[in-house]
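Remarks on the structure that follows.
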Amino acid sequence: MRFFIGLLTVCLIQVSALADEGEALTHEQALSMVPGSTMSRIGQNGGLREWTNGADGTATVSRLPGPGSKQGVRKAAARWSVSDDGRYCLDEDWSTGQGGPLHWCSRITRDADGKLQLLH
């Protein structure tokens with residue numbers, strides 16, 4: 001009987017942990033988790049953008065070319081912030097010739113491994 005109760009407790013703990021996965025982070029959670037984190041997103045052309053959020057609010061964004069592209073990796077300076085409603089925002093300082101500058105915001109969450117992900 002004790003074994004059954006222990007097993008049930010473990011199952012309930014695992015279910016409650018899964019319930020938090022995928023939920024948007026609050027302003028306070030985002031501010032504590034973003035510094036030092038590495039994030040990425042796939043652009044409309046299929047190219048990957050990847051960056052690490054510095055503790056000072058800066059980042060360097062790397063654009064990796066999409067499938068079949070002849071362009072190399074490009075980099076731009078950026079600044080991140082968290083809005084009052086908890087959205088993660090990034091200002092990317094691309095030249096106008098490279099489609100910039102860009103400003104965007106997104107809700108963020110943690111995946112099962114604890115990595116921050118953009119919610120679309």
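The values are calculated or read from the model by the stated rules, or taken from the named source; none is laboratory data. Since the structure is predicted, the reported quantities are computational estimates derived from the model, not experimental observations. Because the Cβ atoms are built from the backbone with ideal geometry, glycine has one as well, and the counts that use them run over all protein chains shown.
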With Thr52, Thr38, Thr96 as the choices, which residue is modelled with pLDDT of 90 or more and either loosely packed, with under 12 Cβ neighbours inside 10 Å or touching an Asp or Glu at 6+ places or on another chain (Cβ under 9 Å) (or both)?
-> Thr38
Scan (1) modelled with pLDDT of 95 or more; (2) under 16 Å from Leu48 (Cβ atoms); (3) touching an Asp or Glu at 6+ places or on another chain (Cβ under 7 Å) for the single condition Arg79 breaks and write down its number.
-> (2)
If we keep just the residues of the stretch 62-106 that are of a type in the set (Lys, Arg) and under 18 Å from Pro35 (Cβ atoms), which is nearest to the chain's Cα centre (by Cα)?
-> Arg87
